[in-house]
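This is the structure, below, for whatever I ask next.
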Amino acid sequence: MTANKEALLAEERKLRRLRRAMDVTATLLRQVDLSLEEAQDVVSHAKQTALQLFPDKEETFDLIYGPRFRRILVEKYQLQ
């Protein structure tokens, strides 16, 4: 296997792990009875996980997953 192919496979594994972690986070936020503070901690942990997988991509996380999690929190906790 070439180095490029190995790097591509490693990147795909990281992306799958990221997607799974973000899906679990969204499900947890929707289905588990958490206080708002606990829910915010869950989102913070999800962001830390994403940044461990993809350092220096905080802005990308904020653009892609921030609105998703914010929408869930607004709906569940009736925030404005």
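Just so it is clear, none of the values below were taken in a lab; they were calculated from the coordinates. Just so you know, these numbers come straight off a predicted model, no measurement behind them. Reconstructed Cβ throughout: ideal geometry from the backbone, glycine too, with neighbour counts over all protein chains shown.
Select from segment 38-50 the residues that are within 9 Å of the chain's Cα centre (by Cα) and of a type outside the set (S, T, N, Q) and list them in ascending order.
Result: 43, 45, 46, 47, 50.
Can you name the number of the only condition in (1) among the aliphatic types (A, V, I, L, M); (2) in a helix (DSSP H, G or I); (3) surrounded by 14 or more Cβ atoms within 10 Å (Cβ to Cβ) that residue 34 fails?
(2)
Could you please find all residues in segment 53-66 being surrounded by 11 or more Cβ atoms within 10 Å (Cβ to Cβ) and not β-branched (Val, Ile, Thr)? Show your work before the answer.
Looking only at segment 53-66, we keep the residues that are surrounded by 11 or more Cβ atoms within 10 Å (Cβ to Cβ), and these are 53-54, 57-58, 60-62, 64-66.
Of everything in segment 53-66, those that are surrounded by 11 or more Cβ atoms within 10 Å (Cβ to Cβ) and not β-branched (Val, Ile, Thr) turn out to be 53, 54, 57, 58, 61, 62, 65, 66.
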